[in-house]
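This structure is in structure tokens; I'll ask about it shortly.
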Amino acid sequence: MRGLSRLLLIGAALAGAACHREESRAAGRQVTVAAAANLTDTVGAVGSEFEARTGIHPVFSFASTAELTQQIEHGAPFDVFLSADAEHVEALDREGLLAPGSRAIYAIGVLALWIPETSPAKVSGVGDLGQPGVKTIALAKPELAPYGAAAVEAMQRAGVWDRAQPKVVYANNINAAKQFGTAGNADAVFTAYSLVRNEHGQVIPLDDSLHRPLTQEAGIIAKSAHPAEARRFSDFLLKGAGREILQRFGYKLPSP
């Protein structure tokens, strides 16, 4: 059943992306972007500015990095992949599924611990998550989402994982993890700083020393139906106005 569910998920993603492509094609030039969930808020601004400057309409599909990677491996009709890590992009490159030379770091992600306004917990850092007052901790599944893996690593390095683990609830991606906090169903949430930087409550960006760097890579899909548009979108993020937008939404930037 798990395999069937996975195939249905991929099929739905393919159908949805194809539908978006048809709608966008009628409107003019377009590019379809598979974007990791941490970019949910950010790419609205990125897409608007890119379209204003180029006339190319970007269509975004969001999921965890692992889910998007699987969809690309099964032939999803994407043009560009914006991952939350480097490992999945490297894997696709090894499989020959990316355009040669298109891999590049576009951002360094920032993991945040968010204590929603509704939470009664008194937390000033990761080390406090083992306290009895913290009942529920939300994060993305580590096997699907790099930010989820970084959250587990942060708790391990802070020495609270053994006490915190029984309190953890898992979501398929970090945007879904954030919803636990929004709905009042979690006392503490690990998610991307870009998703909670303006939220009410306490937002604690975590020091990079608590986890491996969240090096986020992009790549152009080898079978892209819009390679020229895909290249322009990639360049916009890597060396154009997209860099300033990423920084404004809380990402760190690699050297151009």
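When we measure straight from the Cα of Lys239, which lysines land under 19 angstrom away, once same-chain ones fewer than 8 places off are left out?
Lys252
Which residue, Ala228, Ala145, Ala176, tops the fluctuation ranking in a GNM of the chain built on C-alpha contacts under 10 Å?
Ala228
Search the structure for amide H atoms under 5 Å from the amide H of Val31, placed 1.01 Å from N in the peptide plane, and list their residues when 5 or more places away or on another chain.
His57, Val59
So for the chain: antiparallel DSSP bridges make up what percent, rounded to the nearest 5?
Approximately 55 percent, going by the DSSP bridge assignments.
Please check which bits of segment 30-68 a label hung off Ala183 would reach, taking the label as a point 7 Å along Cα-to-C-beta and the cut-off as backbone N under 19 Å.
Only 37-38, 63-64 fall inside the zone, counting backbone N under 19 Å.
Right, something else. Taking the solvent-accessible surface of protein heavy atoms with a 1.4 Å probe, what is the per residue accessible area of segment 115-224 in Å²?
For segment 115-224, the solvent-accessible area averages 44 Å² per residue.
Next question, about the same structure. Run down the lysines and flag those whose C-alpha is under 17 Å from the C-alpha of Lys167, throwing out any fewer than 8 positions away in its chain.
Lys122, Lys135, Lys141, Lys178
On to the next question. Residue by residue, what Karplus-based ³J(HN,Hα) values in Hz, rounded to whole numbers, does segment 193-201 have, using 6.51, -1.76 and 1.60 with θ = phi - 60° and x for Gly and Pro?
Listing the rounded values in order: 4, 4, 8, 10, 4, 10, 7, 6, x Hz.
Once amide H atoms are built 1.01 Å from N in the peptide plane, which residues 5 or more positions from Gly201, or in another chain, come under 5 Å H to H?
Under 5 Å from the amide H of Gly201 lie the amide H atoms of Glu117, each far enough along the sequence or on another chain.
Another question, if that's okay. Once the Cβ-Cβ distance between Arg248 and Ala86 is put in as r, and R0 is 30 Å, what FRET efficiency do you end up with, to the nearest 0.05?
Approximately 0.85, to the nearest 0.05.
Please work out the ratio of the alpha-carbon Rg of segment 62-178 to 2.2 N^0.38 Å and round it to two decimals.
Normalised by 2.2 N^0.38 Å, the Cα Rg of segment 62-178 equals 1.24.
Give me the percent of accessible area attributable to carbon and sulfur for the chain, probe 1.4 angstrom.
Details: 5820 of 11260 Å².
C and S atoms contribute 52 percent here.
Take the Cα radius of gyration of segment 189-256 and divide it by 2.2 N^0.38 Å, with N its residue count; two decimals is plenty.
Working: Rg = 15.1 Å, N = 68, 2.2 N^0.38 = 10.9 Å.
Cα Rg divided by the expected 2.2 N^0.38 Å: 1.38.
About the Cα centre of the chain, what is the dipole size in debye to 20, counting +1 per Lys and Arg Cβ and -1 per Asp and Glu Cβ, all else neutral?
Using Cβ point charges on Lys, Arg, Asp and Glu, the chain gives about 80 debye.
Anything in the chain that counts as a DSSP H helix reaching 20 Å or more along its axis (C-alpha) with Kyte-Doolittle mean of at least -0.5? List them, would you?
2-27
For the chain, which span is the longest to avoid every loop-located (per DSSP) member of trypsin sites (Lys or Arg not before Pro) having at most 16 other Cβ atoms inside 10 Å? If you can, show how the numbers build up before the last one.
Values: sites that count: Arg29, Lys122, Lys135, Arg197, Lys223.
The longest uninterrupted stretch comes out as 30-121.
The values are calculated or read from the model by the stated rules, or taken from the named source; none is laboratory data. Keep in mind it's a predicted model, so treat the numbers as computed, not measured. Please note: Cβ atoms are built from the backbone with ideal geometry, for glycine as well, and neighbour counts cover all protein chains shown. To get the accessible areas, we keep the full protein, side chains included, count just its heavy atoms, and leave off ligands, DNA and RNA. Shrake-Rupley method; radii C 1.70, N 1.55, O 1.52, S 1.80 Å.
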